[in-house]
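Structure, as structure tokens:
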Amino acid sequence: GLINLDPTPAAIDRRDPNDVRNRSTRWRSLTKGATEIATRFRFSGVSEDLDTRANRDIERIVNLLSHPPYSGKEVILIGFTDASGSPEYNKMISQSRADIMKKTLNKMGVKVQRAVGLGAEAFIAPNGTHENNVKNRRVEVWVK
């Protein structure tokens with residue numbers, strides 16, 4: 001039941017048929033040639049408030065991105081929601097969450113080049129249960 005808190009970037013196999021994010025052409029385009037940071041920022045409910053763990057992870061991400069080989073790399077934030085709202089609402093909320101993370105990281109010295117909201121387009125867990133909806137409310141961090 002332990003959770004790995006190591007934010008070390010992970011190589012993503014875009015050919016992995018089990019990664020449901022591959023169904024999103026926009027996600028594939030944004031992440032092409034990029035490496036995912038293993039931490040995802042999650043939000044409480046339908047709010048724009050970071051959950052407790054996300055607040056702790058900010059410092060880990062800032063520390064990681066300030067060291068070679070990641071310093072000076074393009075940082076991309078991609079926001080997501082669960083599928084509980086309309087597509088327009090979900091896109092707006094996911095963009096707002098990505099923008100919140102961009103502002104937060106910029107204040108801490110990490111220059112974020114792009115923050116994009118994809119709504120519920122690239123969910124990582126089937127929507128419909130509380131646990132899965134929580135997993136889908138996230139901002140992913142990518143570097144290239």
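The values are calculated or read from the model by the stated rules, or taken from the named source; none is laboratory data. Model, not experiment: these values are computed from the prediction. So basically every Cβ, Gly included, is an ideal-geometry build from the backbone, and we count neighbours across all protein chains shown. Quick note on the areas: whole protein, heavy atoms, side chains included, nothing else; ligands and nucleic acids left out. Shrake-Rupley method; radii C 1.70, N 1.55, O 1.52, S 1.80 Å.
What area, in nm² and to one decimal, does the C-alpha convex hull of the range 63-144 cast on average over all directions?
Projected area, direction-averaged: 5.5 nm².
Determine the calculated [θ] at 222 nm for the chain from helices alone, applying -39500 (n - 2.57) to every DSSP H run no shorter than 4 residues and normalising by the residue count; nearest 500 deg cm²/dmol.
-10500 deg cm²/dmol
I need the Debye-formula profile for the range 77-120: one equal scatterer per C-alpha, no solvent, reported as log10 I(q)/I(0) at q = 0.27, 0.29, 0.30, 0.32 1/Å, two decimals.
Rounded to two decimals, the profile gives -0.79, -0.86, -0.90, -0.97.
What percent antiparallel are the DSSP beta bridges of the chain, to the nearest 5?
In the chain, DSSP labels about 75 percent of beta bridges as antiparallel.
Need one word for the chain: rounded, prolate or oblate. Basis is the Cα gyration tensor (sqrt eigenvalues a ≥ b ≥ c); a/c below 1.5 gives rounded, then a/b vs b/c decides.
It comes out rounded by the Cα gyration axes.
If you count only protein heavy atoms and use a 1.4 Å probe, how large is the accessible surface of Lys144, to the nearest 10 Å²?
80 Å²
With +1 assigned to the C-beta of every Lys and Arg and -1 to the C-beta of every Asp and Glu, and no other charges, what is the dipole magnitude of the range 65-144 about the Cα centre in debye, to the nearest 20?
Roughly 380 debye for the range 65-144.
Report the residue, chosen from Ala98, Ala120, Ala38, that carries the largest GNM mean-square fluctuation when the chain is represented by alpha-carbon nodes joined by springs under 10 Å.
Ala38
If the only charges are +1 at each Lys and Arg Cβ and -1 at each Asp and Glu Cβ, what is the size of the charge dipole of the chain around the Cα centre, to the nearest 20 debye?
The calculated dipole for the chain is roughly 420 debye.
Once neighbouring chains are kept in place and the probe is 1.4 Å, which whole percent of the accessible area of the chain is contributed by carbon and sulfur?
Ligands and nucleic acids excluded, carbon and sulfur give 53 percent.
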